[in-house]
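Engineer: Structure incoming, see below.
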Amino acid sequence: MNWDWEKLRDNQQKYEKKQGGSGPGMPRPPQMDELLNKFKGFQFPGVFLVGLILIALYFGSSTFFTVDRNEVGVIQRFGKYNRLAQPGLNFKLPSGIERVTKVNVKTPETEEFGFNTYGSSDKYRSSAATPRQESSLMLTGDLNVAVIPWIVQYRRSDPRAFLFNVKNVKSLLRSMSESSMRTVVGDRSINEVISSREEIALAAKEMLQKEMDNSKAGISIVNIEMKKTNVPEPVQASFNEVNQAIQEKEQTIYKAREEYNKAVPLARGEAKRLILDAEGYAIDRVNRAQGDATKFKAVYDAYAQAKEVTKKRMYLEAMLEVIPNLGSKYIIDSDQKNLLPFLNMGTNGSNLVSPDNLLRKGE
Amino acid sequence: MMNSNTIKILIVTIAAAVLVLVFSSAYMVDETEQVVITQFGRIVGEPVKEPGLKFKTPFIQTANYFPKNLLEWDGDPGQVPTKDKTYIWVDTFARWKISDPVLYFQTVKDEFAALKRLDDIIDPAMRNLITSYPLVETVRNTDRAMDTFDVANDDENKNRSVRYQVDLGRDEITRRIVAQSRTKLEGFGIELVYMKIKRVNYIDSVRRSVYDRMIAERNQIAEKFRAEGKGEASNIRGEKEKELQKIKSEAYRTAQETKGHADAKATQIYADAYGVDPDFYAFQKTMEVYKKSLSKDSSLILSTDSDLMKYMKGVGN
């Protein structure tokens, strides 16, 4: 701008000298070339004005700016941090004095490790992940190799720190993510790496956040998400076999349990039955005993009142009942001796004739 | 007329001169920068570390800008053997800053040369330390207990856990690398803020043998699980047998006890009842026996002496 202005000035002075120093530039002699004069008269203030307007526009337009809803403007005066500008229309001193840098502080950004999302437009990803698998191959604490792809989501939480403290924050974040993840994985066995991804992601997030804070990078880690962790392809089959063996183990155990469950409750039922049987027997036995006892007691009570008579009666009653049902009956005189030879005990004995005092009843 | 023109020219010239002077004496320092002022190549005064608008003597002094923020260093991945003769790739990175711009300006001048120094100093230190320790020291960071599936055979297990134990751990190793490098870098006005191991991986040929080892290890673990399953199943079966025996015998015992108690009680009841007059009981029971035991098949010989027949011979006697 300055240069243009001076050139104009020079031109004007040259022109005035050509006029023969007849006076100051403004009142020009009318005898001069009318066209030229008019042209000059027109052009000079025109260019001057345009220049002025341009300068004004330049400074004017650099005094206001808008900050997006998810951004914060960082204003530096002569390079030194001055203030933050919140979303909306903001004003500052013209450029050359104050400079604004807008930083997106709200939208989380994603960095991927160990795999590429196709169609991703980010140049960093493809360049940093060469060869792609390399960043996901890790050594575990038991010196095995695991394949662990993951993503880091982060936000620029402190725009001032983000801009001023670290050169190339993104590259730091990538390196630090790999380092943190490997440190976490390095303290875990291959089994844990495969089974407890959540826990690893959490530990890695914590570590990464700590490291970024140490570097004062103004970055806040929103999330670390582990994609499917695995073992390298050549050993996958053997790992599957372990899983299969675990299944087999469980199956074998379940089978045995099934047998157990089949047999034991049945045996319990049978045992119960046996016990109940015994209880039944017991009840029966005791009841009978009590019945017998009561009966005896009743009879006895009656008997006790007239012992002789009752006893006789009972005897005779019993005989009355017994004797009619008997087969052969012999009555022998008490004086008769040597009776036995008469008796033919083996046979029916119905035709046996006993001596005169032998009573024979009809069969 | 000439006068006023001359004055105008003079004013313009002075203004231009002042402008030039201002522009050549004022300079801006950004938040991320620091400046060393030199006069004909010689350093003048203290380095400027504060950002903002600054002034120097015009024309004869030059402002040399250096970054003040954390700078990158990314090591070339290198093949390093560990103490246990395992070849690994180690990829490191570091962050550094210019702590003494004057010294930095005098010794290395620019970032390219500085990075070369960092290469020359960090790389040997890293190799030196990683070579001096077994691989596990570089991989692990703490002695955190791990779940490695190895619960069986105790002897082997003990050996293994010893194998994975660390004395230093990754943090300590990197700390020592940094400590070794830091003092050397101080001479260049460089502060090594930190250095970290980004990646550690087996080299290809080692990796293959590691894969073989992993496969063998897994097969062994699989077998262990199968054996555990069978063992547990046998255990359950044994448990079943035992339980069955127990249930049956207990039931038998209880049944017998119950019966016994009942018998005892019945006996007691009988004894109590019949004890009142054992003779009568005997009589009564005998009558009952007669009733029940004598039938058609039985023959009876009665003497007239008997109570029943005594009247046969007459009522008189």
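Coordinate-derived values only; no laboratory data. The model shown is predicted, which means the values in this text are computed figures rather than measured ones. Note that we place each Cβ from the backbone using ideal geometry, even for glycine, and neighbour counts take in every protein chain shown.
Engineer: Here are some pairs, B:Lys285/B:Lys313; A:Lys205/B:Lys97; A:Lys262/B:Lys246; A:Lys205/B:Lys198; A:Lys312/B:Lys285; which of them have Cα atoms lying more than 18 Å apart in this structure?
Structural biologist: Working: B:Lys285/B:Lys313 29 Å; A:Lys205/B:Lys97 26 Å; A:Lys262/B:Lys246 16 Å; A:Lys205/B:Lys198 16 Å; A:Lys312/B:Lys285 14 Å.
The answer is B:Lys285/B:Lys313; A:Lys205/B:Lys97.
Engineer: Within a 10 angstrom radius of each residue's Cβ in A:102-110, how many Cβ atoms of other chains show up on average? Whole number is fine.
Structural biologist: Numbers: counts 0, 0, 0, 0, 0, 0, 0, 0, 0.
Going residue by residue through A:102-110 and averaging, the value is 0.
Engineer: Could you work out the relative contact order of chain B? I mean the mean sequence separation of Cα pairs under 8 Å and 6+ apart, divided by the number of residues, in percent.
Structural biologist: Relative contact order for chain B comes out at 14 percent.
Engineer: Same structure again: Quote the relative contact order of segment A:64-104 in percent (integer), defining contacts as alpha-carbon pairs under 8 Å separated by 6+ residues. It would help to have the intermediate numbers written out before the result.
Structural biologist: Values: 78 pairs, mean separation 20.0, N = 41.
Relative contact order of segment A:64-104: 49 percent.
Engineer: Which entries in the list A:Lys80/A:Lys227; A:Lys102/A:Lys210; B:Lys83/B:Lys109; A:Lys227/B:Lys196; A:Lys249/B:Lys196; B:Lys248/B:Lys292 go over 32 Å, if you measure between the two C-alpha atoms of each? Working shown, then result.
Structural biologist: Values: A:Lys80/A:Lys227 43 Å; A:Lys102/A:Lys210 25 Å; B:Lys83/B:Lys109 38 Å; A:Lys227/B:Lys196 24 Å; A:Lys249/B:Lys196 43 Å; B:Lys248/B:Lys292 40 Å.
Flagged as over cut-off: A:Lys80/A:Lys227; B:Lys83/B:Lys109; A:Lys249/B:Lys196; B:Lys248/B:Lys292.
Engineer: Work out Dmax and Rg for segment A:70-112 from the C-alpha atoms and quote the Rg first, both in angstrom.
Structural biologist: For segment A:70-112, the Cα-based Rg and Dmax read 12.3, 40 Å.
Engineer: Using a 10 Å cut-off around each Cβ of peptide B:273-281, what is the average number of partner chain Cβ atoms that fall inside? Before the final figure, lay out the partial values.
Structural biologist: On the way: counts 9, 5, 0, 6, 5, 0, 2, 9, 3.
Mean inter-chain Cβ contacts per residue within 10 Å come to 4.
Engineer: Sorted by packing (mean other beta-carbon atoms within 10 Å per residue), highest first, where do A:227-233, A:108-114 land?
Structural biologist: Values: A:227-233: 16.6, A:108-114: 18.3.
The peptides rank, most packed first, as A:108-114, A:227-233.
Engineer: Hey, another quick one. Enter the angle in degrees (range 0 to 90, nearest 10) between the Cα long axis of helix B:111-131 and the first principal axis of the Cα atoms of chain B, meaning the one along which they spread out most.
Structural biologist: With both axes taken from Cα atoms, the answer is about 30 degrees.
Engineer: If you don't mind, there's one more thing I want to ask. Taking Rh as the Kirkwood radius, which is the inverse of the mean 1/r over Cα pairs, what is the Rg/Rh value for chain B? Present the calculation step by step, with values, prior to reporting the outcome.
Structural biologist: Numbers: Rg = 54.9 Å, Rh = 31.6 Å.
Rounded to two decimals, Rg over Rh is 1.74.
Engineer: If you count, for every residue in A:184-197, the Cβ atoms of partner chains within 10 Å of its Cβ, what is the mean?
Structural biologist: Numbers: counts 1, 1, 12, 12, 5, 8, 7, 6, 4, 1, 0, 1, 1, 0.
Mean shielding count: 4.
Engineer: Before rounding to the nearest 500, sum -39500 (n - 2.57) across all DSSP H runs of length at least 4 in chain B and divide by the residue total; then give [θ] at 222 nm in deg cm²/dmol.
Structural biologist: Result for chain B, helices only: -18500 deg cm²/dmol.
Engineer: Rounding to the nearest 10 and keeping the result within 0 to 90°, find how far the Cα-based axis of helix B:278-293 lies from the longest principal axis of chain B.
Structural biologist: 80 degrees
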